[in-house]
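What follows is one structure encoded as structure tokens, with my remarks underneath.
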Amino acid sequence: MRQFDVLVVDDEPLARRRLQRMLRQLPWVGAIEEAASVSQALDRLAQSPAHIVLLDIQMPGGSGFDLLRQLPDETDPPPAVVFVTAFDDQACRAFDASAIDYVTKPIEPGRFHLAMERARKASELRSSAQRIAELEEVIASLRRAAAPPPQGLTELWVKTQGQYVRIAAASILRIQAERDYARIHADGREFLYNASLTELERELPQQDFIRVHRSTMVRIDAITRVGVGPFSSLTMVLSDGTMVRVGRTYTATVKARLVQRSR
């Protein structure tokens, strides 16, 4: 059975002892710490985080609400809090402070056990959520580490006006077929490249570019909008405002790639 550690915060020694006796009757309660003030409770929590905190409201040097306000933001998961107090007019405020339950003194054992069971379940759910989040982060890290490096050309050298200009693949918005050549649109300029569109489709990073028409290829990150026209035809708007028509035979592939990128 999983054990849950508890911190008892109350300025009255007799009240702390009685709560500890009742806690020891619960088989799932692990370590039990105690504190007589807000400052002591913060020190205990810093040294040994508790799953559940039993908290009095009125104490010298600060109230139970003061303790909750001073809990570090990085406390994750935060402890499940049950207020145990003689003041029965603070229930609304206690629940506003995200308390799990509110038990008034003198404590009735059945009511106390019910509150503790609620706190145990809440703490279990918070711990599970934290473990799931940690596991998801580990899986994401492993996937990033295992992902193959980008394949394809990262730059092109284009001859223009008697000199060669370097074009980064990441700056290319679209490429249009022009007979045996390809017209490259990048950084607000146009360049005629001595290769066919089919050749560039093979050589540029396939994860970054997509053929959308027999005469057009675009960089996926440059797509800002996709519209649906008559007979389910698609049109794209690129980041420079250019509208590009998607060929009918390319529609299914384009839809599949866009859905994949959105996940």
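The values are calculated or read from the model by the stated rules, or taken from the named source; none is laboratory data. What you see is a predicted model; the values in this text were computed from it and never measured. Positions of Cβ are generated from backbone atoms using ideal geometry, with glycine treated the same way; all protein chains shown enter the neighbour counts. The accessibility values were calculated without ligands, DNA or RNA, using every heavy atom of the protein model including side chains. Shrake-Rupley method; radii C 1.70, N 1.55, O 1.52, S 1.80 Å.
I need to check one value: relative contact order of the stretch 165-263, counting alpha carbon pairs closer than 8 Å and at least 6 residues apart, in percent. Here the relative contact order equals 19 percent.
Any idea of the accessible area per residue across the stretch 154-195, 1.4 Å probe, to the nearest Å²?
Numbers: 2740 Å² over 42 residues.
About 65 Å² of surface per residue is accessible.
Listed values for the stretch 152-164 are Karplus-derived 3J(HN,Hα) couplings in whole Hz (6.51 cos²θ - 1.76 cosθ + 1.60, θ = phi - 60°), namely x, 5, 9, 7, 10, 10, 10, 7, 8, 6, x, 9, 9, and x replaces Gly and Pro. Modelled label positions at ASP11 and ARG166, each set 7 Å beyond Cα in the direction of Cβ, lie 7.1 nm from each other. Note on GLN25 and PHE87: their simple-model spin labels are 2.8 nm apart, each label 7 Å out from Cα toward Cβ.
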